[in-house]
Amino acid sequence: MPDIDYQIVQLASMGAAMDAALAKRFRVLYLDGHDDVAGALREAPRATVAVTSVRKGLKREMIDALPGLRAVCSWGVGYETLDLAYARQRGIVASNTPEVLDDCVADLAWALLLTAARRTHVGDRYVKTGQWRSIGAFPLSTRVWGRRLGIVGMGRIGRAIAERGRGFGMDIRYHNRRPRTDTSHTFEPSLKALAEWSDFLVLACPGGAQTHHLIDAPILRALGPAGILVNIARGSVVDEAALVQALERGELGGAGLDVLEHEPAVPEPLRSMDQVALMPHVGSATHETRADMSRLVVDNAIAFLETGRLLTPIEDA
Ligand code: 8YV
C-alpha cells in the first residue's frame, strides 16, 4: 500500500493559488509535468477525483489505472479529449467549465469577424511599416453592420455571439442538431442553406467525431466568394485542406480562425493570406476568465469530495 492515501490525482495545474488551495484541503498527488504519469498513478489506487484539462485529457488507460476513480473535474468547456463513454461505463461522472468563458469566447469570435472583414490586422501593418505614407489610401473592406450572421452550434457560446450580433444590427440564423427553445433566432435545418444565406458563418459547436469536417468544400462554396468563416470551436470542424483551396481559388472571401486542424501547425498559405486573421487558440484566455475556470474546477472537486455531487456536470455525459 502506498504511504499516502491520496484523494485526488491532479494531471493539470490550475495555477499556483488554486493548486495550493486544493493541496491544503485534500491529499493531492500532483502530476502536471511528471515524466511517468502512468507509472505514478499506481501511487493513488483510492483516489476518487481526477483533476485534468481539455488539453491534457483523460485516456482510457488512465481511468483503468485508477480503480477508485468516481469523478473527473476538467478545465475547459470542450471535453473531446476525455474518454467519457468509457468513464460513464465505469460509473464515473465528469464536470467541465461552462458559462464562465462564454462571453470571452464570444468576444474573440467578434474580434476575428471584425478583423477578417475590416482587415484591421492588415491596416495595422500598413500604418506601422509606413505604407500609409508611401502608398496612400488603404483598400476598401467589407461592411459588418446590418449583414447576415449564421451561427453553427447554438449553445451558450453561440447565444453570446448572437447577442453581440444584435448590437451590430444583424439578421441572425442558426444551425444546430435540433432547434432550441431558448432563442428567438431562426433555426435553419440545412447547414448548406445557412451557408448560402450567410455573409458571416461563425462556428461555435463542440469538436469530436460528430462534427469532424462538418465544414467541407461544398459548404465553403455555399458561403461564397464574399463570405467570411469564423472558427472559435475546434480545428477539426473544418476540412482545412478544403479551406485553403477555397481561399486560394477565391471561392471563399476570408476567414478568422482561433483554432486549426493540426494546431499549433499552421499551413503556410493561411499564414500568408491577408484575407485570413489568425489567433493561437485563446478564446478563453483572459486573466479573469482563466481564473474563473480554474476556480470552477477546484469548486467541482471540493463539491464532489464533500457532497458526492458535481456543480457543473457535463450535460450529455
Ligand atoms: C481554451 C477551450 O482556450 O475551453 C475550451 O474548451 O478550448 C478554451 O477554453 C483552450 O483549451 C486553450 O487550449
Please compute the contact order of the chain in relative form: average sequence separation of alpha-carbon pairs under 8 Å and at least six residues apart, divided by the residue count, as a percent. 17 percent
Evaluate the charge dipole of the chain about its Cα centre and quote only its size in Debye, nearest 20, assuming +1 on the Cβ of each Lys and Arg and -1 on the Cβ of each Asp and Glu. 640 debye
How big is Rg to Rh over segment 175-277, alpha-carbon atoms, Rh as the Kirkwood inverse-mean-distance radius? 0.96
Leading residue at positive end of dipole, segment 1-72 (Cβ point charges), from L31, I4, V49: V49
Computed over segment 101-278, the convex hull of the Cα set has an average projected area, in nm², of 10.3 nm²
With all protein chains present, how much of the accessible area of the chain (probe radius 1.4 Å) comes from carbon and sulfur, to the nearest whole percent? 51 percent
Radius of gyration and Dmax over the Cα atoms of the chain, both given in Å: 21.9, 75
Under a 1.4 Å probe, what is the accessible area of segment 117-236 per residue, stated in Å²? 53 Å²
Mean separation of Cα contacts under 8 Å (6+ apart) over length of segment 101-278, as relative contact order %: 21 percent
Expressed as a whole number of Å, what is the distance separating the alpha-carbon centroids of segment 254-312 and segment 36-83? 19 Å
Calculate I(q)/I(0) for segment 12-114 by the Debye formula, one identical point scatterer on each C-alpha and no solvent, and give its log10 at q = 0.18, 0.25 Å⁻¹ to two decimals. -0.90, -1.48
Only bridges whose two residues both fall in segment 1-120 count here: according to DSSP, what percent of them are antiparallel, nearest 5? 0 percent
R88, R180, R234, ranked by accessible area, largest first (probe 1.4 Å): R88, R180, R234
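The values are calculated or read from the model by the stated rules, or taken from the named source; none is laboratory data. If you're wondering where the values come from, they're calculated on a predicted model, not measured in any experiment. Ideal geometry is used to build each Cβ from the backbone, glycine not excepted, and the neighbour counts take in all protein chains shown. Ligands, DNA and RNA are stripped out before the accessible areas are found, and what is left, the full protein with its side chains, is counted by its heavy atoms. Shrake-Rupley method; radii C 1.70, N 1.55, O 1.52, S 1.80 Å.
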